[in-house]
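Below is one structure, written out as structure tokens, with a few remarks after it.
The values are calculated or read from the model by the stated rules, or taken from the named source; none is laboratory data. The model shown is predicted, which means the values in this text are computed figures rather than measured ones. Methodologically, a virtual Cβ is constructed for each residue, glycine included, from the backbone with ideal geometry; neighbour enumeration extends over all protein chains shown. Note: accessible area is taken over every heavy atom of the protein model, side chains too, but ligands, DNA and RNA are not part of it. Shrake-Rupley method; radii C 1.70, N 1.55, O 1.52, S 1.80 Å.
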Amino acid sequence: MAELNIQELERRFQEKIDNDIRIEPNDWMPERYRQTLIRQISQHAHSEIVGMLPEGNWITRAPNLRRKAVLLAKVQDEAGHGLYLYSATETLGADREETIDDLHSGKAKYSSIFNYPTLSWADMGAVGWLVDGAAIMNQVPLCRCSYGPYARAMVRVCKEESFHQRQGFEIMMKLAAGSEEQKAMAQDALNRFWWPALMMFGPPDADSKHTAQSMAWKIKRNTNDELRQQMVDITVPQAEMIGLTIPDPDLKWNEEKGGYDFGEIDWDEFWNVVKGNGPCNKERVEARRKAKENGEWVREAANAYAAKQKMKKAS
Amino acid sequence: MNTLFEYLVRLGDDSLILGHRLSEWCGHGPILEEDIAMTNIALDLVGQATSILKYAGEVEGKGRSEDDIAFLRYEREYKNALLVEQPNDDFGVTMMRQFLFDAFRKPLFEQLTQSSDEQLAAIAEKSLKETKYHLKHSAEWVIRLGDGTDESHDRVQSALNDLWRYTDELFFTDEVDADLEAKGIIFSSEELKASWSEMVKNVLNQATLTIPDNGWQHDGGRRGLHSEHLGYILAELQYMQRAYPGMEW
Amino acid sequence: MANNEWPLWEVFIRSKQGLSHKHVGSLRAADAEMAVENARDVYTRRSEGISIWVVESNNVHASHPTEADSLFEPAHSKVYRHPTFYDVPDGIEHM
Ligand SMILES: [Fe+2]
Ligand SMILES: [Fe+2]
Ligand SMILES: [Fe+2]
């Protein structure tokens with residue numbers, strides 16, 4: 001077969017994408033597409049895994065057995081999500097453990113929301129409701145992403161996510177309908193998580209350097225601001241319904257645009273947390289690094305045992 | 001004394017406290033796949049604790065729910081075996097603790113499926129399926145670690161040496177057991193110990209581990225005399241219920 | 001081995017009796033036994049399966065996408081392999 005020149009390959013590639021034909025692992029793809037995907041999917045995977053920590057923080061203190069089981073199952077799901085996503089990066093030729101090492105060295109990023117501490121039981125409600133809520137909003141469009149393994153992982157993830165948000169909202173609902181202390185606890189959690197949750201969609205479109213190319217490649221299907229607006233519009237009535245107040249004095253329904261106007265996000269805080277200065281950045285990465293380090297001898301032993309068994313079988 | 005209630009609390013507390021210990025691993029496992037596996041076992045144990053303590057509340061007949069029993073007793077009223085409250089330490093200790101416990105619970109639930117108490121038999125039936133898997137998982141790990149590298153062998157051998165002193169207590173019996181055995185609700189603890197010993201010997205042998213001399217054996221858990229570890233477990237477990245008494249979550 | 005990384009396995013799940021095993025994803029495991037157990041915990045937490053296959057990923061041999069034309073296109077023209085290619089007069093049943 002005649003060697004196709006790179007322009008022709010790229011043209012055919014983009015044509016496939018434009019026709020909504022999925023790209024599969026061994027298909028030709030531009031190197032930048034591969035690299036962008038590896039970065040995006042592994043960041044997403046890291047977020048799932050680091051995201052286990054703030055909620056894992058309350059498993060042993062959950063207030064009753066039902067909540068304990070639900071929270072355990074929820075955090076476990078996040079480990080699963082991380083795993084599906086790391087698997088997707090491996091189809092692109094990225095090695096899982098190397099990808100993880102990048103997280104531990106600080107080279108790779110993860111969602112900055114997980115650098116905030118969970119200080120009360122109500123935070124389990126706020127995280128499920130807002131953080132998983134925002135994640136779902138981000139992820140549903142990715143089920144149609146151009147890269148097959150990523151899209152399929154997202155389908156699986158989204159199916160599992162739906163209970164995460166509900167259990168969080170249920171916690172909030174119960175607290176909001178509870179005693180004065182419980183109500184205050186819920187409101188305080190909403191106050192602390194509202195703005196960081198809106199930051200989860202990333203910087204404003206005007207400052208987002210990857211958006212245009214990623215949209216053309218269909219590895220991103222909506223802009224940051226579109227999704228953020230959607231989140232606000234959906235969440236505000238939910239908060240009202242259970243009697244909690246969104247901590248934004250500028251929040252106002254805008255009849256003309258059919259959505260809410262909302263206050264200025266503190267992007268300095270966002271960039272500060274991204275740079276590593278959030279309340280828990282150090283602890284989160286440290287916890288993951290330790291887990292890997294403490295598991296080293298275990299993984300080594302399992303390999304050694306497997307090798308011995310193979311030898312035995314062969315002889 | 002309501003012997004069935006007492007027995008159910010012992011049974012349920014084993015699941016509750018070991019489930020608590022295992023859930024401490026969530027997010028910190030040696031590899032992602034094993035993190036998920038340990039959480040599954042923890043979930044099974046929390047589920048067992050829920051159904052057993054719920055039944056205990058019914059048997060007691062004082063209107064206590066499974067949550068009242070799980071979260072609102074004092075230290076001396078918890079009746080789990082000392083083994084399950086021992087700290088996780090490293091993965092070797094956790095898996096050895098799990099194996100020694102699973103090897104006891106599998107034959108126990110096998111027996112209890114024959115219980116004259118239908119509710120207990122039903123709980124045992126469901127728990128047995130879960131426990132068979134737990135045992136397979138923990139036994140395989142003990143073998144892998146024992147027969148893995150020098151380091152893993154030493155670690156898991158020292159885990160075995162440290163935990164061995166808590167194993168006899170699993171077969172502890174007193175007037176509670178005697179009464180229930182007479183009623184056909186539970187069965188011989190000697191038979192239990194025999195199946196346990198056989199399983200343990202077999203697996204430790206494959207793992208190239210040495211069974212420690214049967215030195216001093218601790219007990220007390222079944223009578224509510226615990227190690228210092230339990231108090232800290234309860235401080236976390238009960239935090240919300242104690243800080244916000246009488247509220248719903 | 002760098003990082004003591006475990007081999008990669010592909011996981012196939014039969015979701016119910018009567019259906020074939022379907023690829024669902026991959027995972028890491030040191031041996032086959034562990035791979036089956038990990039697959040159970042990772043991919044069947046919501047009763048998605050009743051049977052599991054695992055295959056070490058480096059044992060999967062795939063056709064190459066650049067050969068897709070020559071492998072699969074020749075079949076497109078062989079329409080006579082499909083029943084719709086044939087005329088069946090009205091009134092003929094059970095065919
Ligand atoms: Fe997730
Ligand atoms: Fe996610
Ligand atoms: Fe989630």
Fill in the blank from the handout: Just one listed residue, out of A:TYR110, A:TYR86, A:TYR33, is hydroxyl-bearing (Ser, Thr, Tyr) and over 18 Å from A:ARG289 (Cα atoms), and it is A:TYR33
Practice task
State the number of residues belonging to region B:23-67 that are open to solvent by 10 Å² or more (accessible area, probe 1.4 Å), more than 11 Å from every other protein chain (Cβ to nearest Cβ) and not hydroxyl-bearing (Ser, Thr, Tyr).
Solution key: 7
Exercise for the section: Would you check if there is a residue in region B:14-22 being more than 14 Å from every other protein chain (Cβ to nearest Cβ) and either modelled with pLDDT under 95 or surrounded by fewer than 23 Cβ atoms within 10 Å (Cβ to Cβ) (or both)? Expected result: no
Exercise for the section: Can you tell me which residue among A:ALA307, A:ALA287 is farther than 30 Å from B:GLU24 by Cβ, within 14 Å of chain B (Cβ to nearest Cβ) and surrounded by 14 or more Cβ atoms within 10 Å (Cβ to Cβ)? Expected result: A:ALA307
Problem - Positions within region A:37-67 being away from ligand 2 (no atom under 16 Å from the Cβ), more than 8 Å from chain B (Cβ to nearest Cβ) and under 30 Å from B:GLN241 (Cβ atoms), in sequence order - result: A:ASN57, A:TRP58
Practice task
Kindly indicate whether B:GLU85 is closer than 21 Å to B:PHE171 by Cβ and out of contact with any Asp or Glu (no Cβ under 9 Å at 6 or more places or on another chain).
Solution key: yes
Exercise for the section: Determine, yes or no, whether B:ALA235 is modelled with pLDDT of 95 or more, away from every other protein chain (no Cβ under 14 Å) and surrounded by fewer than 17 Cβ atoms within 10 Å (Cβ to Cβ). Expected result: no
Exercise for the section: Might you check whether a residue that is open to solvent by less than 30 Å² (accessible area, probe 1.4 Å) and of a type in the set (Ser, Thr, Tyr) occurs anywhere in region B:186-207? Expected result: yes
Fill in the blank from the handout: For A:SER162, the lone unmet condition from (1) within 15 Å of ligand 1 (Cβ to nearest atom); (2) at pLDDT 95 or above is (2)
Problem - Scope region A:147-184; condition within 16 Å of ligand 3 (Cβ to nearest atom), surrounded by fewer than 18 Cβ atoms within 10 Å (Cβ to Cβ) and of a type in the set (Gly, Ala, Ser); matching residues - result: A:SER162
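Quick check on region B:68-84: of everything there that is in contact (Cβ under 8 Å) with a residue 24 or more places away in the chain and within 14 Å of chain A (Cβ to nearest Cβ), which residue is farthest from B:LEU45 (Cα to Cα)? Break it down stepwise before answering.
Taking region B:68-84 first, the residues in contact (Cβ under 8 Å) with a residue 24 or more places away in the chain are B:69-72, B:75-84.
Filter once more, so that each one left must be within 14 Å of chain A (Cβ to nearest Cβ): B:69-72.
On the way: B:ILE69: 16, B:ALA70: 13, B:PHE71: 16, B:LEU72: 19 Å.
It comes out as B:LEU72.
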Completion exercise
Among the residues of region B:111-152, the number that are away from chain A (no Cβ under 13 Å) and either over 23 Å from B:LEU43 (Cβ atoms) or touching a Pro at 6+ places or on another chain (Cβ under 9 Å) (or both) is 6
Practice task
Would you list the helices (runs of 4 or more DSSP H) that sit entirely within region B:26-122 and hold 3 or more residues that are of a type in the set (S, T, N, Q)?
Solution key: B:32-60, B:91-112
Exercise for the section: Counting only residues that are under 17 Å from the mean Cα position of the chain (by Cα), give me the helices (runs of 4 or more DSSP H) lying completely in region B:169-245 with at least 3 of them. Expected result: B:189-206, B:229-237
Handout entry: Residue in region B:85-103 that is farthest from the other protein chains (Cβ to nearest Cβ), counting only those that are in contact with a Leu (Cβ under 9 Å, 6 or more places away or on another chain) and open to solvent by 10 Å² or more (accessible area, probe 1.4 Å)
Key = B:GLN86
Practice task
Can you give me the number of residues within region A:69-84 that are of a type in the set (Gly, Ala, Ser) and either touching an Asp or Glu at 6+ places or on another chain (Cβ under 6 Å) or part of a loop (DSSP other than H, G, I, E, B) (or both)?
Solution key: 2
Problem - The listed residue being of a type in the set (Ser, Thr, Tyr), assigned to a loop (DSSP other than H, G, I, E, B) and either touching a residue at least 24 places away in the same chain (Cβ under 8 Å) or under 30 Å from A:LEU4 (Cα atoms) (or both), out of A:SER47, A:SER87, A:SER42, A:SER120 - result: A:SER120
Handout entry: Residue in region A:22-36 that is surrounded by the most Cβ atoms within 10 Å (Cβ to Cβ), counting only those that are away from chain C (no Cβ under 14 Å) and either in contact with a Phe, Trp or Tyr (Cβ under 6 Å, 6 or more places away or on another chain) or more than 23 Å from A:VAL274 (Cα to Cα) (or both)
Key = A:TYR33
Exercise for the section: Could you tell me whether region A:100-113 includes any residue that is of a type outside the set (Gly, Ala, Ser), within 16 Å of ligand 3 (Cβ to nearest atom) and either assigned to a helix (DSSP H, G or I) or open to solvent by less than 20 Å² (accessible area, probe 1.4 Å) (or both)? Expected result: yes
Practice task
Select from region A:129-138 the residues that are within 12 Å of ligand 2 (Cβ to nearest atom) and either open to solvent by less than 10 Å² (accessible area, probe 1.4 Å) or hydroxyl-bearing (Ser, Thr, Tyr) (or both) and list them in ascending order.
Solution key: A:VAL131, A:ASP132, A:GLY133, A:ALA134
